[in-house]
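Only one structure is covered here, and it is reproduced in the block below.
Quick note: the coordinates plus some simple rules give every number you see, no bench work behind them. Please read these numbers as outputs of a predicted model, since none were measured by experiment. Positions of Cβ are backbone-derived with ideal geometry, glycine not excepted, and every protein chain shown enters the neighbour counts.
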Amino acid sequence: MSITSPSKVPRHTAIIMDGNGRWAKERGWPRLMGHEQGAGNVETICEACINEGVEYLTLYAFSTENWRRPTHEVAGLMLLLERFLSEKVAMMNKNGVRLAAIGRIADLPGPARKRLEQAIEETAHNTRLTLTLALNYGGRDEIVDAVRSIATEVLKRTLEPDQITAKTITDHLYTRMMPDPDLLIRTSGEMRISNFLLWQLSYTEIHVTRKLWPDFGAEDLHTAILDYGSRERRYGASVENLGNLEKVS
Ligand code: FPP
């Protein structure tokens, strides 16, 4: 495969992995088989991200809204998560992948939560790619949690209300240890953010592909990265004033 090297690589790529259900339906299979195929695709995309030079990959794996799915689908997704975590730690350690998680992790079912904590610990020394799974994640809940923690500091008088800036909020989000995403990819064609990283996506470039998540491969990632490289990021500045970007926080 001959691949053009992209001029700019998105240091942080986030993905809304949509279309597992449709992928299964196209084959007359149960939805869970689509999720299983989708979980398998995570390894392919992790390795592709490493080859492209991406440093942070954040995947929307289970939203707070996903609890509304049929009980057997939710249970199946939790089992898939446990299996993914048990089976993929070796791959992560081989490839230098450090696992992280964002969301209301304490509310995940016990076995999945314990397996997750274990996998995070077992991969903590890796430095090539940070793979963050958004689990029981909702962007509005994340902002609510940040506001609660800021309010607690104000009540304790360790923070004054007029000291609160955009950076204070950034520093209280689940993602405080990572840069904002440069590129958001959404598979299966929908043009929505779906309550994902609401604060962090303010200046993120968005690439939507009609490919369903289980079919989204290394070449599709490369296409998305080339698309990203062709964009001119202005962060709200005019074309004439691009030189002033360093003044924008
Ligand atoms: C959307 O497909 C996808 C999800 C509900 C979450 C993504 C889950 C996985 C890729 C599998 C588990 C992941 C890991 C890391 C173990 P959909 O069912 O909404 O698809 P549809 O829109 O075609 O119905």
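Which chymotrypsin sites (Phe, Trp or Tyr not before Pro) in segment 1-82 pass both tests, a DSSP loop state and at most 13 other beta-carbon atoms within 10 Å?
none
Leu155 to Glu73: extension gain in nm, 0.36 nm per residue of separation minus the Cα-Cα distance?
25.3 nm
Greater than 30 Å separation of Cα atoms is the criterion. Which listed pairs, Lys114/Lys167; Lys8/Lys94; Lys88/Lys211; Lys8/Lys114, meet it?
Lys114/Lys167; Lys8/Lys114, as the Cα separations exceed 30 Å there.
Report the gain in length on full extension from Thr168 to Asn66: 0.36 nm times residue separation, minus Cα-Cα distance, nm rounded to one decimal.
So the chain would gain 33.8 nm between Thr168 and Asn66.
Check which residues have an amide H placed less than 5 Å from Ile206's amide H, if you skip close sequence neighbours.
Amide H to amide H, under 5 Å and 5 or more residues apart or across chains, Ile206 pairs with Leu184.
Is it possible to state the helix-based mean residue ellipticity at 222 nm for the chain, with each DSSP H run of 4+ residues giving -39500 (n - 2.57), the sum divided by total residues, to the nearest 500 deg cm²/dmol? What is it?
Numbers: 7 runs with 103 residues, N = 249.
Helices in the chain give a 222 nm mean residue ellipticity of -13500 deg cm²/dmol.
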